[in-house]
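Structure first, then comments.
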Amino acid sequence: MNYFNQLRCQKFNVSVYSYNEPSNRLCEKIGLVVEGRRRNTVFTDGKFYDEILYGLTKDEFSELVV
């Protein structure tokens, strides 16, 4: 099922904090593209971490599914 067509979406976006390595690996594994980075966004355990912005367009998804 192609949710892009069903929901009439053009793009899917997600953001993940840099310390969350399993989620970052998952995003890259399923084909999401790194679109940007917000530096020092969150303070956790005495340290600042970046927020990594991922995205996937309808066309990019279609290329992955073929």
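Values in this text are rule-based calculations from the coordinates and carry no lab data. This one's a predicted model, so the numbers in the text were calculated from it and none came from an experiment. Ideal geometry is used to build each Cβ from the backbone, glycine not excepted, and the neighbour counts take in all protein chains shown.
Points worth noting:
- Scanning the stretch 11-32 for residues that are among the aliphatic types (A, V, I, L, M) and closer than 18 Å to residue 62 by Cβ turns up 30, 32.
- Taken over the stretch 2-27, residues that are free of Cβ contacts under 8 Å to residues at least 40 places away in the same chain, in contact with a strand residue (DSSP E or B) (Cβ under 8 Å, 6 or more places away or on another chain) and of a type outside the set (A, V, I, L, M, F, W, C) amount to 6.
- Restricting 20, 13, 2 to those that are farther than 15 Å from residue 53 by Cα and polar (S, T, N, Q) reduces the list to 2.
- Counted residues, the stretch 37-59 - those being part of a strand (DSSP E or B) and at positive phi: 1
- Condition check for residue 51: surrounded by 10 or more Cβ atoms within 10 Å (Cβ to Cβ) and within 9 Å of the chain's Cα centre (by Cα): no
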